[in-house]
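Chemist: Got a structure for you, questions after.
Derivation of every value follows stated rules applied to the coordinates shown; laboratory data play no part. The model shown is predicted, which means the values in this text are computed figures rather than measured ones. Positions of Cβ are backbone-derived with ideal geometry, glycine not excepted, and every protein chain shown enters the neighbour counts.
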Amino acid sequence: MKVALKPQQGYAKRLASQVAVLLKKNAVTTLRGANSPVLRIGAAFGFILIIFLVDIALQADMADNEQYKNVFDPEVRSMDSIPDCSEDLYLKDSEGEPCYNLLYAPKGDVFVKEVVDHVIASTGSKPSRFMGMDTSAEIDAWMDQHKERAQAAVFLDVEVVGGKPVGIDYDLQTNSSVRYFKNEFQSPNFFSQVPVQVAVEREGAKMLARHKFGSLSAEADISWSVGISSFAHPPMVIESRIPEFAAPFLYAVGMFNFVATLIALVTERQTGQRQGMRNAGMLESSFWISWYLWEVVTNFMTSSFIVLFGMMFQFRIFLKNNYGLTFFLFFLFQMTMTSLAFIFFAFMRRPQAAVSIGFFVYFLGYIMIAVVVSGWPYDGSYENGLNYVFYMILSIFPWNLLAKGLTDFGDATATKESPGLRWGERSSYCVTEDFTSVRFIPGTYIKPNCSMPLDEIFKWLTVEMFVFMLLAVYLDNIVPNEYNNYRPFYYFLDPSYWLTRGWNARDHFSGIVAEKATSDAAGRSASARNEDVVQEENELVDKLRRIVSGQEGLGNASETQEGTAMSVFGMKKTYSSPLNPCGAKFKAVKGVWLSVDEGQIFCLLGPNGAGKTTLINCLTGVLKATSGDALMYGYSVKHELDKIRTFLGVCPQFDTLWDTLSGREHLEIFATLKGMSREEAKVEAEQKLEMVQLSKDADKPVGQYSGGMRRRVSVAISLISDPSVIFLDEPTTGLDPVTRRHMWTVIQEAAKGRVIILTTHSMEEADILGNRIAILSKGELHCIGSSVRLKSSFGSGYKLLVQLDKGRMRQDPTHKEEVIAKLNPAIGFMPIDQSNDTITYSLNHEDSEVAQEVLEKVEQYKEELGLQGLQLNLSTLEEVFLNVARGQTNAVVLNNSTGLLQEE
Ligand SMILES: Nc1ncnc2c1ncn2[C@@H]1O[C@H](COP(=O)(O)OP(=O)(O)OP(=O)(O)O)[C@@H](O)[C@H]1O
């Protein structure tokens, strides 16, 4: 018996056809799904619109300021009074602590006192707002202790000659805090300094005049009034502030793609779709390349649209800078973010987490961008000491490079006259020299004190894009996946990863034989187990011994040897937590030995949690078995999974379908993954759809299918490309009785010349379909054999139902006893039940010939005893199942009671 290994396409051809079909799948699922590119482009438009609106709002806000207005006749502000300190934003009276308009010194100087008194009188200020001190040092000390409590301070040094003041030397101190209130920036000069200065100078000059000329002389009567106004001026041009705030918004567009990519990838993992495609022979490289190419397409579109929308809204950074430069900055940024999303994908199990990750990354980036737009560390001194370290570290994060690029674009188009950046200037415009040493050339933008020009940004982003991508693939290999499968961190250094190495079947199988001997010695004795199970094990151990001794080959395509189609040798699976491999372990499959011949349907039954799905997953290579192996048509699951997958069909327990793809599209994708050409895939899909009676609904999206219809698609997928070994994990769950019966016919047809391993909870299904049936419980096989064999071994064998005449029973109450007394010695059995008008005999574990004999004997009494009916029934499979399951429960109880509960 040989499996016809499908002629393998060359690697390049296989990769090309898989990438093409997966790219199409990515495009179709994304276009029809919630994360469609239309939505991504919509996000680009939305964010550009927000930037536009924020810019308009800021410009409107600025337009209120005087410098942005046309001022023909500027208002003159009188400086003749000093504002009260309580008018100030900061200097307020607070409990017990008044604020002061003016502190002055020295307070003991009569001339100083005279000046201050006149300042108070002439400006109409409250005297309590003035406080004198002895020295200017005392004023400084007081100010130091009383923050924001005085508007100004003055130290007057009056020169006295002959008892008369002849000159004044004074120092004025004012509060220099710039205040924004009453809708404008309050200049400390105009608000308090000039009025105080005017008043002190005026009253000082008057005091000197009074003492020189006498208070009543005309010369002493000085008129002094000061007013201040700005020049008449045209409005200042309001420059767009886009470069200052656009970076976080445009970064948000990139984040939108980041989250969408992450959701799409993690969803494929969570729903088992990725594993389903692997089972069909998908190459890992096809998976990555197809997703990456799709992201190239999407990011190309969104980047183009960002620039086009920017131009549409007349943003100078998009209009005046070279299109290629702006496009490349966004495109490379988005591609690098895609690679970063792939890195996060290695650690994520649930798509819902993508949004939280997105928020976290955005927040982190937002803070960093705020630093970068301020100029540091991409300035002229970037190579100095610690600066270089930060320069390198910050450049690892793609959003910082985006922010730097956008800042340069903004600076290059800061005013209407700014020339913008041309493609050829992408490196030369950014120079480390400062303003003073740069030679500016008209019509060319030069940025002094600058490092990391756009050319450098492009190089950084390109390198990061590839490095992140490689890192993502590496992490995908070494981080435990949803099935806890992972490679060692040094896997790529192991030559066997790159070269298809032969494996030593003798060593491999002698190890399994040795392990069996050890576990037999330590575990339950063979006598405690069902004889058929033990016999199956022994035959398989013998087979292994023959293989090890070289008496028998593996029976694969390279050999002519006959053999069973599938043999499972001591398969074990122990689950442990990926986060705590040394912690508690759970033995889900405890060493299963079984064989299946070609043309057989092998039914695996067992209660929930028995380990059926785990066993199937180990056999299909989804899970790595902890120990043991299986040969399928002579190929080892452990060592030759790639070859096995060419003739394997799998219908998983849960449908792993894309809601947005139709049944036909699913089948075409899987047929192509299996190596069929486009035309062949179309024909195959049509045929399989017809087989599972889905032709009518073939083009509806699977999301609109009923549970039963989805199940049929999964079965159809498992039958694609004529597989030799087919695993069906509960294939008929959710099917109505009519469809179920049709599916049974499909399965029976499919079994011809193949091997089908089927798990089910329907005993009827197992009874009808199963050529051999095994019952698994708590990870161990408890029986194996044909349905009849199991019924006779584990059921109560044949039952004979004898129906009495109701009339005779009414007339003669002892009639039942009379019948029993006659029949018991004749047939040699005691009744197990005699309720109502029926007597039931159990013909325990007898074969059908004995049952027939008993029936014939009873028939001889039929007339004499007036028997109404005789029925010979074999126990049902359900009875067998319950007996095995109960037997298991009892075994545990028994062991419990003896305190010898074995490790489960
Ligand atoms: N990833 C896992 N980690 C730990 N334990 C697991 C894991 N997957 C399954 N198990 C446990 O292994 C046992 C066997 O599970 P499995 O899914 O193989 O049972 P099953 O026979 O297919 O059940 P059902 O009929 O309900 O599908 C169960 O006790 C289950 O809880």
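Chemist: List every residue whose amide H lies under 5 Å from the amide H of residue 757, counting only residues 5 or more places away in sequence or on a different chain, with H placed 1.01 Å from N in the peptide plane.
Modeler: For residue 757, the qualifying residues are 602, 726, 727, 728.
Chemist: Which ordering of 168, 457 is given by a fewest-first count of other beta-carbon atoms within 10 Å?
Modeler: 168, 457
Chemist: Can you run phi through the Karplus equation (6.51, -1.76, 1.60; θ = phi - 60°) for the stretch 630-639 and list ³J(HN,Hα) in whole Hz, with x for Gly and Pro?
Modeler: Per-residue couplings from phi come out as 9, 10, 10, 6, x, 9, 7, 5, 6, 10 Hz.
Chemist: Among 424-436, 383-395, what's the highest-first ranking by average C-beta atoms within 10 angstrom per residue?
Modeler: By packing density, highest mean first, the sequence is 424-436, 383-395.
Chemist: Which of the peptides 90-99, 786-795, 487-496 is most tightly packed, and how do the rest follow, going by the mean number of other Cβ atoms within 10 Å of each residue?
Modeler: Averaged packing, sorted descending, gives the order 786-795, 90-99, 487-496.
Chemist: Put one equal scatterer on each alpha carbon of the stretch 687-751, apply the Debye formula with no solvent term, and list log10 I(q)/I(0) at q = 0.16, 0.25, 0.26, 0.28 1/Å to two decimals.
Modeler: Evaluating at q = 0.16, 0.25, 0.26, 0.28 Å⁻¹ gives log10 I(q)/I(0) of -0.48, -1.19, -1.28, -1.46.
Chemist: Could you give me the radius of gyration and the Dmax of the chain, taking only the C-alpha atoms into account and expressing both in angstrom?
Modeler: 45.6, 165
Chemist: Would you mind ranking 381, 176 so that the residue whose beta carbon has the fewest other beta carbons within 10 Å leads the list?
Modeler: Listed from fewest to most nearby Cβ atoms, that is 176, 381.
Chemist: Considering Cα pairs under 8 angstrom that are at least six residues apart, work out the relative contact order of the stretch 772-840 and quote it in whole percent.
Modeler: Over the stretch 772-840, the number comes to 24 percent.
Chemist: Which of the chymotrypsin sites (Phe, Trp or Tyr not before Pro) found in the stretch 194-283 are loop residues per DSSP with 16 or fewer other Cβ atoms within 10 Å of their Cβ?
Modeler: Filter output for the stretch 194-283: 224, 231.
Chemist: If you don't mind, another one. For the pairs 320/404; 816/857; 612/682; 107/164; 113/206; 25/459, note any where the Cα-Cα span goes beyond 23 Å.
Modeler: Beyond 23 Å: 612/682; 25/459.
Chemist: Sort out for me the Cα centre separation of the stretch 633-711 from the stretch 269-296, rounded to whole Å.
Modeler: For the stretch 633-711 versus the stretch 269-296, the Cα centre distance is 15 Å.
Chemist: When a footprinting reagent is the concern and you count Cβ atoms within 10 Å, what order do 130, 72, 670, 468 take, fewest first?
Modeler: With the sparsest Cβ surroundings first, the list reads 72, 130, 468, 670.
Chemist: Averaging sequence separations of C-alpha pairs under 8 Å and six or more residues apart, then dividing by the length of the chain, give the relative contact order as a whole percent.
Modeler: Answer for the chain is 11 percent.
Chemist: Ok, one more. Taking amide H positions as placed in the peptide plane 1.01 Å from N, state which residues far from residue 170 in sequence (5 or more) or on other chains have amide H under 5 Å from it.
Modeler: When sequence neighbours closer than 5 places are left aside, the close amide H contacts are 157.
Chemist: Per-residue HN-Hα couplings for the stretch 439-452, Karplus 6.51 cos²θ - 1.76 cosθ + 1.60 at θ = phi - 60°, whole Hz, x for Gly and Pro?
Modeler: These are the phi-based 3J(HN,Hα) values: 9, 7, 10, x, x, 10, 8, 10, 10, x, 6, 10, 10, 6 Hz.
Chemist: Looking at the square roots a ≥ b ≥ c of the eigenvalues of the Cα gyration tensor of the stretch 778-846, which shape do they give, rounded for a/c under 1.5, prolate if a/b is larger than b/c, or oblate?
Modeler: prolate
Chemist: May I pose another question? Between rounded, prolate and oblate, where does the stretch 404-446 land on the alpha carbon gyration tensor, with a ≥ b ≥ c its root eigenvalues, rounded for a/c under 1.5, else prolate if a/b exceeds b/c?
Modeler: It comes out rounded by the Cα gyration axes.
Chemist: Given H placed 1.01 Å from N in the peptide plane, which residues other than close sequence neighbours of residue 874 have an amide H under 5 Å from its amide H?
Modeler: 799
Chemist: Oh, and also: How many angstrom separate the Cα center of the stretch 824-878 from the Cα center of the stretch 748-808?
Modeler: The distance from the Cα centre of the stretch 824-878 to that of the stretch 748-808 comes to 22 Å.
Chemist: While we're looking at this one, here's another question. How would you order 646-658, 48-60 from highest to lowest mean count of nearby Cβ atoms within 10 Å?
Modeler: 646-658, 48-60
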